[in-house]
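Below is one structure, written out as structure tokens; the observations come after it.
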Amino acid sequence: MPRALQPVPRWAIYTSWLLSLVGLGLASYLTYEHFAVKVFQGCSLGGIFDCQKVTTSPQSRVLGVPVAVLGLVNFLVFSVINSPLAWRIRNYWLHVARFVLSLGGMIFVLWLVYAELLIIDNVCIYCTGVHIVTFALFVVLVRVAPAQLGWSESAAQ
């Protein structure tokens, strides 16, 4: 049986929502560029920074689905479940799902960073922005989820 939910600090609610919206913006741009002209603004076509090379590599698709689209869907979901209204919902499993999705996103980002650095040998600055946002969101949720969900000693007191 799930434990009672504990309150979450206001900073975490608004920080997670802001990060989700920033991620949504970056993922939207990456998705647009994937299906449009593929000329990324501010991302050179030479040296280590080459967004086009990264976003057209074989690693830019998972089961035929562009990673940019997966990111867009991910941040659409996060923008909803990290909204201040969703944080007030008293459904235990919604809050567990938020944490699990963040953990899955972080694992996927680690794979993408590995692919950029060691397989593709190029870095996309917009993808890096998404990676940073995903990491920051994960840090916020790791900071508050255990207490909120009753998984830590401090929540039991």
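Laboratory data are not the source of any read-out in this text; all were calculated from the coordinates shown. Remember, it's a predicted structure, so these values are computed and weren't measured experimentally. Cβ sites come from the backbone with ideal geometry, for glycine too, and all protein chains shown count toward neighbours.
Our helix-only sum for the chain, with -39,500 (n - 2.57) per DSSP H run of n ≥ 4 divided by its residues, gives a mean residue ellipticity at 222 nm of -21000 deg cm²/dmol. Here's the picture: a label point sits 7 Å out from the Cα of Arg88 along the beta-carbon direction, and within segment 7-40 the residues with their amide nitrogen under 19 Å of it are 7-18.
Coordinate range of the alpha-carbon atoms in segment 33-97 per principal axis, descending: 50, 27, 22 Å. Distance between the pseudo-spin-label points of Ile119 and Tyr32 (7 Å out from Cα toward the beta carbon): 2.8 nm. Relative to the globular-protein estimate of 2.2 N^0.38 Å, the Cα radius of gyration of segment 10-156 stands at 1.12.
Ranked by the mean number of other Cβ atoms within 10 Å of their residues, highest first, the peptides 111-124, 81-94 come out as 111-124, 81-94.
Computed over the chain with a Gaussian network model linking Cα atoms closer than 10 Å, the most mobile of Ser57, Ser28, Ser102 is Ser57.
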